[in-house]
Amino acid sequence: MKKFQYILLPLVLALLTACNMDQYPYSEVAADAYVKDDNSVNTLVMGCYNGLHDVMYYEWAMTELRSDNSRMYGTGSTSNTTKLVEQLDQGKITTEHEWVSNYWNACYATISRANNVLSYLDAVSDPALRNQYQGEALFVRALEYFNLVRLWGPVFIVTAKTPSGVARNMQRSTVDEVYQLIETDLENVVSNGLLPQQMQAADLGRADMNAAKALLAKVYATRYKAGSDKYARAATLCKEVLESAQVGNPQQGSDLVPFAKIFSIANEMNKEIIFSVRYLSGNVGLGSPFGNMFAPINNGGNVIIGTTRSYNTPSDNLINAYLSEGDDVRRNVNIAQRYYNATTGTWVDATYCCKYTYPVTTQEDGESDWPVIRVGDIALLYAELMNEMNGPSAEALKYLNMIRERAGIRPYALSDLSTKYDFREAVRKERRLELAFENQHWFDLLRWGNAAETVNRFLTGESFYAGYSYTISPISDWQTFLPIPVSVLNINPDVAQNAGY
């Protein structure tokens, strides 16, 4: 059982963080009388973490499902839900897409909660706690804007309570303006030491300095190119995280947490985890839904009890990528291709994402946390950055190889990856296999500039799509961005829609 728990939010907190996001991204006026001391502001901070549950509920569909890692389950249904999944799976998304709208709303609701924390910092009497709460709110806000700007491009910047009349006339800020906000928030946290180096045991799971540094490194690596100071700064930040006491300064694969143990509900918040969205089972409204969402349909409780949906079905393309490397360790943690039917005493063929499918006693009430940033991510990002700046080197190879060693795969020799291109391709392949079903691969494809190309190659080559009665058309670069939800345009028709929609 986890020690750090997202608190059960009372009605007053729901009022404090209410945000009518189905209408427009603005925050309601908070109940000033309630927020009057350190504890009440801490309650608001915990509300930020709770808000991430709503974000994560749809994030896999905005990322993994749109990549070559996963696909929709079947082609025979004409249900509305199947159509929603199909649109995301094939890159043919409409402005009325319910899940896209829900994800947008969840991101802005969480941003609203972070803004509430920042507006009440004067109520905190302890200077150290004030810094921590400010750092946590800035981290969460930066994380959500980072996702928004990568998925939509220009979005609305909301940093304070905004009257509805003003909000209804707001326009989208440029990509550069959004990134400037993200960088300013995270640089404030890192430069001013707002967060502890590591949280106390009772608070593990809350963002610490490693989480802020790692997120800032990912932001720099996404926005800037090799040769710029901030791209180099991203590598420095990665190195600082990897050498920290919390991570353990790994030098080889055996220094890392074994891959299967990273995600075990008996080993939560191990030293591999830099930041995760935490879940708590026990019928308290904080359980993970993903076991039921991803488990095979009609499994009769043999995989997990309750209704199951077969969402996020692993692609043959990904399975073959594991097989080509002889990578059974990571494949078996991420993907199952059959399950045992205890009633009939037979094995049933079924491919599904099993990474979060731990037993539950109540439907959608799992214990599994969802990793957002972890050591494998930062080690591979560091190797990538070093190669892009200086070409292949022993230093970069060390971090690439330690991830392969943990997976039981033959490490590379430097002579195997003698050119910058060869090393780049090796890192990209490794990131896909290491971080599958953690919502990272789509963002990597966007960062590398090959998302449309990859998806089109996947749609053409995946045998599943041959079952369609119509030809699946390729996507264009504009379809790698999500449409602004129609609910936003209904409030303010002057808001610019993304090109092509």
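Laboratory data are not the source of any read-out in this text; all were calculated from the coordinates shown. It should be emphasised that the depicted structure is a prediction, and the values quoted were computed from it without experimental measurement. A quick note on method: Cβ atoms are made from the backbone with ideal geometry, for glycine too, and the neighbour counts reach across all protein chains shown.
Of note:
- Given +1 at the Cβ of Lys and Arg, -1 at the Cβ of Asp and Glu and no other charges, the dipole of the chain around its Cα centre is 400 debye to the nearest 20.
- Backbone amide hydrogens, once placed in the peptide plane, bring Thr162 within less than 5 Å of Ser27, excluding anything fewer than 5 places away on its chain.
- Ranked by the mean number of other Cβ atoms within 10 Å of their residues, highest first, the peptides 240-246, 369-375, 277-283 come out as 369-375, 277-283, 240-246.
- Assigned charges on the beta-carbon of Lys, Arg, Asp, Glu; the range 240-295 dipole about Cα centre (debye): 240 debye
- Value of relative contact order over the chain, rounded to a whole percent, pairs C-alpha under 8 Å and six or more apart: 19 percent
- Centre separation in Å (Cα based) which lies between the range 300-327 and the range 53-73: 14 Å
- Computed magnitude of the charge dipole of the range 70-185 (debye, nearest 20; Cβ of K, R +1, Cβ of D, E -1): 260 debye
- Three-way shape call for the chain based on the alpha-carbon gyration tensor, with the a/c threshold at 1.5: rounded
- One Cα centroid belongs to the range 432-487, the other to the range 172-190; the line between them spans 27 Å.
- Reach of Lys92 by Cα under 25 Å, taken over lysines that are not fewer than 8 positions away in the same chain: Lys83
- The antiparallel fraction among DSSP beta bridges confined to the chain stands at about 95%.
- Projecting the Cα atoms of Pro474, Ile304, Trp104 onto the dipole axis of the chain, where Lys and Arg carry +1 and Asp and Glu carry -1 at the beta carbon, places Pro474 farthest toward the positive end.
- Positive end of the dipole of the chain (Cβ unit charges, origin at the Cα centre): among Ala221, Val55, Asn192, the Cα lying farthest that way belongs to Ala221.
- Positive-end extreme of charge dipole, the chain - chosen from Thr162, Gln180, Ser368 (charges on Cβ): Ser368
- Packing rank of 174-181, 208-215, 402-409, where each peptide gets the mean count of other beta carbons within 10 Å, highest leading: 208-215, 402-409, 174-181
- Prolate/oblate/rounded label for the range 161-283 (Cα gyration tensor, a/c 1.5): oblate
- A simple spin-label model places pseudo-atoms 7 Å from Cα toward Cβ; at Arg410 and Thr174 they are separated by 5.0 nm.
- Estimated from helices alone, the mean residue ellipticity of the chain at 222 nm is -14500 deg cm²/dmol (sum of -39500 (n - 2.57) over DSSP H runs with n ≥ 4, per residue).
- Here the Karplus curve 6.51 cos²θ - 1.76 cosθ + 1.60, taken at θ = phi - 60°, turns the phi angles of the range 73-86 into couplings of 7, x, 10, x, 7, 10, 5, 4, 5, 4, 5, 4, 5, 4 Hz, with x standing for Gly and Pro.
- Shown here for the range 307-367: trypsin sites (Lys or Arg not before Pro) in loop regions (DSSP other than H, G, I, E, B) with at most 12 other Cβ atoms within 10 Å, of which there are none.
- Mean Cβ neighbour count within 10 Å, used as a protection proxy, ranking 107-119, 89-101, 158-170 highest first: 107-119, 89-101, 158-170
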